[in-house]
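Presented below is the structure to which this report refers.
The values are calculated or read from the model by the stated rules, or taken from the named source; none is laboratory data. The structure displayed is predicted, hence computed values, not measured ones. Cβ sites come from the backbone with ideal geometry, for glycine too, and all protein chains shown count toward neighbours. Only protein heavy atoms, including side chains, enter the accessible area calculation; ligands, DNA and RNA are left aside. Shrake-Rupley method; radii C 1.70, N 1.55, O 1.52, S 1.80 Å.
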Amino acid sequence: MEPRPRISGFDERRVTVAEGVRLNVAVGGSGSPVVLLHGFPQTHLMWRHVAADLAADHTVICPDLRGYGDSDKPADTDGQTYSKRTMAADIVALARALGHERFALAGHDRGALVAVRAGLDHPEAVTHLASLDVLPTLDMWDVLHGTSAAVGFHLYLMAQPPGLPEELIGAAPDAFFGHFLDIWARDPEAIPAPVRAAYLKASREAVVSIVADYRASAAVDVAHDLADREAGNRLRMPVTVLQQDWGSALGFDAAALWEAWAPDLDHSSVSLGHFMAEEAPAEVVKALRALLAR
């Protein structure tokens, strides 16, 4: 059996972030801290190119989110276990355990939702925030209408009560998770076979917790976003957003949606593929370095 791919030059460890929950994390470099959160259906390995570059002058921290990769996968007993609020608290606790009270934070896809929640809940800890190819949870649901919403069929599937989604996905996990790796990649070669195999293995071993993560985004996460919107709570730090132009296809103004959450916003529509940290790492690094300089 071939060894699992790793981020070159990074050390991996397991860090306790909550009672009974440890996150697997890769750490490398030195300097001001930057935390990078992965998306679906991936692990921290998606940051391998970006992390190696940033490690030249930053301490780069790349965890597997709770429920993903080699991190713990606690049972969801109350609908809160995989809320983005809970997952964001994990990240703040992780950074603190590694000696960092304040840090820059970037997330892709699911990780970006965690990053946004961390920025809203813990503004004293998050100095800069970047989101790659996602909308805030509340806006994501609002822009899906009619047949165009078929692009997000997995959101609706995994929003169903426990039982059926897990059974369906668990019956053919590689086909399910591999579907997204295939249709969302502009350049399939950006995810080489060993990395793809690592993603599929990690996902097939985490069907229940991945579904719980998505189910939370159709329930408790929406409630948290609504409460923040009603209270006027916004992201206080500099924010950079890179995303494909989903708005032209689905009929919304992505920049305007983000501006409602982030007054200090640099928003760019890009054509880099969904898995942009792997497909266009140089462009992502450039954007992150520009954010860190603000």
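Worth pointing out:
- Qualifying residue in segment 31-51 (condition: farther than 24 Å from residue 235 by Cα, surrounded by fewer than 21 Cβ atoms within 10 Å (Cβ to Cβ) and aliphatic (A, V, I, L, M)): no
- Selection of segment 269-283 for residues being touching a Leu at 6+ places or on another chain (Cβ under 7 Å) and at pLDDT 95 or above yields 276, 277, 279, 280, 283.
- Sole residue being at pLDDT below 95 and under 20 Å from the mean Cα position of the chain (by Cα), chosen from 219, 254: 254
- So residue 45, is it of a type in the set (A, V, I, L, M), within 15 Å of the chain's Cα centre (by Cα), part of a loop (DSSP other than H, G, I, E, B) and farther than 17 Å from residue 32 by Cβ: no
- When restricted to residues that are in contact with a helix residue (DSSP H, G or I) (Cβ under 7 Å, 6 or more places away or on another chain) and either surrounded by fewer than 15 Cβ atoms within 10 Å (Cβ to Cβ) or without any contact (Cβ under 8 Å) to a residue 40 or more places away in the chain (or both), segment 189-199 contains 1.
- In segment 80-101, the residues that are touching a helix residue (DSSP H, G or I) at 6+ places or on another chain (Cβ under 7 Å) and either modelled with pLDDT under 95 or open to solvent by less than 10 Å² (accessible area, probe 1.4 Å) (or both): 82, 83, 84, 87, 88, 91, 92
- Residues located in segment 170-186, provided they are touching a residue at least 40 places away in the same chain (Cβ under 8 Å) and open to solvent by 60 Å² or more (accessible area, probe 1.4 Å): 186
- If you go through segment 65-79 and keep only what is on the phi > 0 side of the Ramachandran plot and buried (at least 21 other Cβ atoms within 10 Å of the Cβ), you end up with 67, 69.
- Some residue of segment 134-146 being open to solvent by 60 Å² or more (accessible area, probe 1.4 Å), assigned to a helix (DSSP H, G or I) and under 27 Å from residue 271 (Cα atoms): yes
- Close pairs (6 angstrom Cβ cut-off, 6 or more residues apart or separate chains): in contact (Cβ under 8 Å) with a residue 12 or more places away in the chain in segment 55-78, open to solvent by 60 Å² or more (accessible area, probe 1.4 Å) and not in a loop (DSSP other than H, G, I, E, B) anywhere: 58/32; 72/22
- Selection status of residue 21, of a type in the set (A, V, I, L, M, F, W, C) and either touching a strand residue (DSSP E or B) at 6+ places or on another chain (Cβ under 7 Å) or open to solvent by 10 Å² or more (accessible area, probe 1.4 Å) (or both): no
- Considering segment 200-215, the residues that are open to solvent by 20 Å² or more (accessible area, probe 1.4 Å) and closer than 17 Å to residue 77 by Cβ include one that is farthest from the chain's Cα centre (by Cα), namely 208.
- Total residues in segment 238-271, condition under 12 Å from residue 130 (Cβ atoms) and surrounded by fewer than 19 Cβ atoms within 10 Å (Cβ to Cβ): 4
- Any hit, segment 50-58, residues being in a loop (DSSP other than H, G, I, E, B) and not acidic (Asp, Glu): yes
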